[in-house]
Amino acid sequence: MAIARKPNRKATSAVDVEALINRGGSPGGSGPREVQAKTTPILLRLPAGMGERLDAALKNRPVRLPRHTWILEAIHEKLTRESPPEE
Amino acid sequence: MIVVVGGIKGGSGKTTIATNLAVIRSVENHDLLLIDADDQETATDFTILRNERTEGNAGYTSIQLAGPAVRAQTQRLAGKYQDIVIDTGGRDTTSQRAALTIADLLLVPFVPRSFDIWTLEKVGALVGEMQPANPRLKAYAFLNRADSRGQDNDEAMSFLRESSALTFIDTPIGSRKAFANAAAQGLGVTELRPCDPKAMDEIQILYRYVFDINLESQSRGPG
């Protein structure tokens, strides 16, 4: 057979999948990945009532703080108190 | 089957839907991979808690992926699992786009509120943009965190039905505390005790639509 049909081009070959994907915004984690890698996610389970006490303490502050920041500060204070920096 | 739970609005309950579908599918003895492609990593945190509560027997495998790796890695893993559920974040990201290039179904939950419904057009445009790269992609919209009463559900549904890019499926999920209570224990809402029968029914109906009823053939219609 000397003559063959003209090969069909695949419709999807015209689609630049990579370019399509890259039109999307960067996922939040992909930029500062190194920074994220230095944090450790911890699931915190509070005893009954402690969450309410925490929220009440936050509510009574003259300057509002996110709960996460308050907990971080509390951990930092305890770490500093119980393991003073070496001289 | 590869199911993406996506959209471009935060707070629509994507992770709740993705994790509940994953739990039900795995309880029914299907080998399932849950891919967390949301930088908030909530599906991953849920799975960590679930593994803690079940002594490592979450019932499914969970991994985190981001960006173009969502496409490449999912393609590699597709043959190893019966089903894959991908939870994407609430933005038009490279992760979500990569997922849409290899998905069979996109499920988009919509809260019956104006700000959420206003994203319908952009989600439709995103689907239309991705379909040339993935002609088998089908997109479905449904109400999530629906009101127990009032007109908002009906109005939202009428807007969702207008979309040509997304097919509306009448499987509303109510705004029910049981979902949050279950998640806080690393459970799907179908595993929560005491159970919330309405929440269980609603998620089961959505599940049946996604996995048991062939949405693709339904949307094609007879013939």
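Details
- When the stretch B:112-133 is filtered for residues that are basic (Lys, Arg) and away from chain A (no Cβ under 14 Å), only B:Arg113 remains.
- Residue check for B:Gly67: under 22 Å from B:Met130 (Cβ atoms) and either open to solvent by less than 60 Å² (accessible area, probe 1.4 Å) or in contact (Cβ under 8 Å) with a residue 24 or more places away in the chain (or both): yes
- Within the stretch B:55-88, tally of residues that are more than 14 Å from chain A (Cβ to nearest Cβ) and hydroxyl-bearing (Ser, Thr, Tyr): 3
- Scanning the stretch B:70-88 for residues that are free of Cβ contacts under 8 Å to residues at least 40 places away in the same chain and open to solvent by 40 Å² or more (accessible area, probe 1.4 Å) yields B:Arg71, B:Ala72, B:Gln73, B:Gln75, B:Arg76, B:Gly79.
- Of all residues in the stretch B:110-131, those being loosely packed, with under 15 Cβ neighbours inside 10 Å and hydroxyl-bearing (Ser, Thr, Tyr) number 1.
- Candidates B:Arg136, B:Arg91, B:Arg97, B:Arg149 - the one that is open to solvent by 60 Å² or more (accessible area, probe 1.4 Å), more than 30 Å from B:Val27 (Cβ to Cβ) and either in a helix (DSSP H, G or I) or within 14 Å of another protein chain (Cβ to nearest Cβ) (or both): B:Arg91
- The set of residues from the stretch B:61-118 being in contact with a Phe, Trp or Tyr (Cβ under 6 Å, 6 or more places away or on another chain) and β-branched (Val, Ile, Thr) comprises just one member, B:Ile117.
- Complete set of residues in the stretch B:1-50 that are farther than 18 Å from B:Glu191 by Cβ, out of contact with any Phe, Trp or Tyr (no Cβ under 6 Å at 6 or more places or on another chain) and of a type in the set (Asp, Glu): B:Asp36, B:Asp38, B:Asp39, B:Glu41
- Those helices (runs of 4 or more DSSP H) of the stretch A:31-87 in which 2 or more residues are modelled with pLDDT under 85 occupy A:33-37, A:67-82.
- Within the stretch B:1-54, being open to solvent by less than 10 Å² (accessible area, probe 1.4 Å), under 22 Å from B:Met130 (Cβ atoms), in contact (Cβ under 8 Å) with a residue 60 or more places away in the chain and part of a helix (DSSP H, G or I) holds for B:Ile17, B:Ala18, B:Leu21.
The values are calculated or read from the model by the stated rules, or taken from the named source; none is laboratory data. For clarity, every value in this text was computed on a predicted model and none was experimentally measured. Every residue, glycine among them, receives a Cβ derived from its backbone with ideal geometry; neighbour counts consider all protein chains shown. Heavy atoms of the whole protein, side chains included, go into the accessibility calculation; ligands, DNA and RNA do not. Shrake-Rupley method; radii C 1.70, N 1.55, O 1.52, S 1.80 Å.
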